[in-house]
Amino acid sequence: MSRLAKKAKRYEEIAGKINEYLDFMDAVGVNTSTVIDLNTVDFYTSHEGLHLPYEQALTRVDSLSNEVFCTSAHFIWIGDRTRFIDSAHVEYCSGISNPIGIKCGPSLDNEELIKIIDKINPTNEPGKISLIFRYGEENIDKYLPGLVDTIVKNNKNVLWISDPMHGNTVKSSSGLKTRDFSALLNETSKAVNILKAKDRHLGGIHLEMTGQNVTECTGGIYKVGDDDLNSRYHTHCDPRLNANQALELSFNIAEALKK
């Protein structure tokens, strides 16, 4: 059996085990349909704070704390193209109490980033700022170590989040925008190792995915190829991982973190 087939079988076994545990609970009299922890979830929303009139229309003052919040999402981020010190988006984010993400790509000026962080989080509050780096598989070794060094040198409290999607977008042979599974996995694995070497850790990952069985990203256990993309390419914007690819990527990242 090939390595990929073994991994696929492993995921199926894990899913089967979960069903077995639920069946066992039912057998001993625990009604899993009424166990709140199994049927509810804390749901948080996040998006790029791009369209400021929309965000401003949903900005409110908390009546108890008098803090200002953007209520369109729990967590909003500043995009790679709106991330500069005099940006209206930076100004807006400096006036709200939500946690804020900052996308970090190859065009980033590390020293300017420090000024942006100081403007949004002048008290250096832990958990306020997340740096969502999106360098691409081929560039992460070049850029991420220097970014980490700059943050450490300036003693900034940040959460590190990998976005392997946007730095690894390519065109297929048929002209469709796509992303290769191995590039996504390699960039994230490199991020884990770079951060660990500098006594930091990966705190999150930004994926674009769907539960539908689409063929928009190539690769993975089921070996979606360029010729398969046209069969179920449904996105109107960016290519997404399908459910199997997202699950496989998650398990591989978990293994990298454990190592």
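Derivation of every value follows stated rules applied to the coordinates shown; laboratory data play no part. Given the structure is predicted, the values throughout are model-derived calculations rather than measurements. Note that each Cβ is placed from the backbone with ideal geometry, even for glycine, and that neighbours are counted across all protein chains shown.
Give a residue-ordered list of calculated ³J(HN,Hα) values for the range 110-119 (Karplus: 6.51 cos²θ - 1.76 cosθ + 1.60, θ = phi - 60°; whole Hz; x for Gly, Pro).
Karplus values, whole Hz, x for Gly and Pro: 4, 6, 5, 4, 4, 5, 5, 4, 4, 6.
Any of K223/K259; K177/K223; K119/K156 with alpha carbons more than 19 Å apart? Name them for me.
Pairs exceeding the cut-off: K223/K259.
Tell me which label goes with the value of semi-axes √(5λ) of the Cα gyration tensor in Å computed from the coordinates here: [x] 33, 26, 20; [y] 35, 32, 16; [z] 30, 23, 16.
Looking at semi-axes √(5λ) of the Cα gyration tensor in Å for this model, the match is [x].
Report relative contact order for the chain in percent, whole number only (criteria: Cα-Cα under 8 Å, sequence separation at least 6).
Computed value for the chain: 12 percent relative contact order.
Could you give me the ³J(HN,Hα) list for the range 204-216, computed from phi with Karplus coefficients 6.51, -1.76, 1.60 and θ = phi - 60°, whole Hz, x at Gly and Pro?
x, 9, 9, 10, 10, 8, 8, x, 7, 8, 8, 10, 10
Roughly what % antiparallel, to the nearest 5, for the DSSP beta bridges in the chain?
So the antiparallel bridges in the chain amount to around 25 percent.
So how tilted is helix 181-197 from the main axis of the chain? Cα-based, degrees 0 to 90, rounded to 10.
In the chain, helix 181-197 runs at an angle near 60 degrees to the longest axis.
How far is helix 140-153 tilted, in degrees, relative to the longest principal axis of the Cα atoms in the chain, given as a value from 0 to 90 rounded to the nearest 10?
50 degrees
Taking H placed 1.01 Å from N in the peptide plane, check which residues at least 5 places from T59 or on another chain put their amide H under 5 Å from its amide H.
Residues meeting the criterion, in which the H sits 1.01 Å from N, are T71.
If I fit a long axis through the Cα atoms of helix 3-27 and take the longest principal axis of the Cα atoms of the chain, what angle between them do I get, 0 to 90°, rounded to 10?
Value to nearest ten degrees: 90.
Using just the helices of the chain, give the 222 nm mean residue ellipticity in deg cm²/dmol: DSSP H runs with n ≥ 4 each add -39,500 (n - 2.57), and the total is spread over all residues, rounded to 500.
It lands at -12000 deg cm²/dmol.
Can you work out D for the range 45-162 in µm² s⁻¹ from Stokes-Einstein, where Rh is the Kirkwood radius over C-alpha pairs, the temperature is 25 °C and the viscosity is 0.890 mPa s?
168 µm²/s
For the range 98-106, what does the Karplus curve 6.51 cos²θ - 1.76 cosθ + 1.60, with θ = phi - 60°, yield as ³J(HN,Hα) per residue in whole Hz, taken in order and with x for Gly and Pro?
In residue order, the calculated couplings are 4, x, 10, x, 10, 6, 10, x, x Hz.
Based on the mean of other beta carbon atoms within 10 Å per residue, what is the order of 170-181, 59-70, 125-136, most packed first?
125-136, 170-181, 59-70
At what distance in nm do the modelled label points of V41 and S107 sit from each other, each positioned 7 Å from its Cα along Cα→Cβ?
That separation, rounded to one decimal, is 3.4 nm.
Need the full-extension length gain, F251 to N230, defined as separation in residues times 0.36 nm minus the C-alpha distance. One decimal, nm.
Roughly 4.8 nm would be gained on extension.
Given H placed 1.01 Å from N in the peptide plane, which residues other than close sequence neighbours of W77 have an amide H under 5 Å from its amide H?
H47, E48, G49, G101
Take the alpha-carbon centre of the range 117-171, take the same for the range 185-239, and report the distance between them in whole Å.
First find each Cα centre; the distance between them is then 19 Å.
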